[in-house]
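Visitor: Below is one structure. I have some questions about it.
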Amino acid sequence: MQILVIGVVLLLGSFLQAQNAETDQSPTTVDVVVISSTQGFDFTSYLHELTNRVEARWRSSIPESHLPGRVVISMSIARDGSVQNLRVTQSSGLQYSTVVSSGWLRPPARRWLSFDQAAIAAIESSKPFPKLPADFSGDQVAIELRFSHVLVGFDPRVPPTLPPRLK
């Protein structure tokens with residue numbers, strides 16, 4: 001009986017931990033980092049707007065049950081908000097991993113995309129980007145977008161805990 005109670009407590013604890021992780025962290029995120037000189041300008045609000053725009057499209061294209069993955073994309077944004085030099089700098093290696101059928105694709109279609117292609121589609125569908133802030137003296141800013149998806153409540157470094165078998 002004591003073993004059964006311990007097993008139930010372990011399962012309940014794992015369940016609650018996963019539930020807390022779901023409310024604390026989205027499984028699908030986009031982090032944006034400036035990788036060129038900012039010339040002392042604070043891009044926080046600009047990057048926040050850009051992140052919100054891209055992340056909304058990214059989250060709608062990746063189901064929560066999707067395999068975990070990470071792709072890094074680099075690009076430059078010109079003064080007028082146009083995108084230049086978009087390229088995958090670190091591939092996820094996941095091929096044909098998601099079906100996109102959202103209305104933000106033009107024309108709306110149901111098609112298979114790789115994890116990397118889904119990230120690029122999220123960027124493409126977020127265009128045009130806002131113009132660079134007037135107070136920034138540069139002609140462009142280079143950024144890195146880190147798209148990731150994790151399985152909520154799953155830590156690949158920790159093997160799952162199973163309750164002891166009853167005899």
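The values are calculated or read from the model by the stated rules, or taken from the named source; none is laboratory data. Being a predicted model, the structure only gives us computed values, none of them experimental. So basically every Cβ, Gly included, is an ideal-geometry build from the backbone, and we count neighbours across all protein chains shown.
The rows are residues; the columns are (1) at pLDDT below 70; (2) part of a helix (DSSP H, G or I); (3) of a type in the set (Asp, Glu).
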position	(1), (2), (3)
5	yes, yes, no
20	yes, yes, no
26	yes, no, no
40	no, no, no
75	no, no, no
87	no, no, no
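Visitor: Also: Quick one: how many residues across the range 30-87 are of a type outside the set (A, V, I, L, M) and either in contact with a Pro (Cβ under 9 Å, 6 or more places away or on another chain) or more than 16 Å from residue 127 (Cα to Cα) (or both)?
Guide: 27
Visitor: Next up: Name every residue in the range 112-139 that is surrounded by fewer than 18 Cβ atoms within 10 Å (Cβ to Cβ) and under 14 Å from residue 76 (Cα atoms), in order of residue number. Steps first, answer last, please.
Guide: Within the range 112-139, the subset surrounded by fewer than 18 Cβ atoms within 10 Å (Cβ to Cβ) is 112, 124, 127-128, 130-131, 133-135, 137-139.
Of everything in the range 112-139, those that are surrounded by fewer than 18 Cβ atoms within 10 Å (Cβ to Cβ) and under 14 Å from residue 76 (Cα atoms) turn out to be 124, 127, 128, 130, 131, 138, 139.
Visitor: Another question about this same structure. Just for the range 89-110: of the residues that are in a loop (DSSP other than H, G, I, E, B) and modelled with pLDDT of 75 or more, which one is surrounded by the fewest Cβ atoms within 10 Å (Cβ to Cβ)?
Guide: Once the filter is applied, the top-ranked residue is 93.
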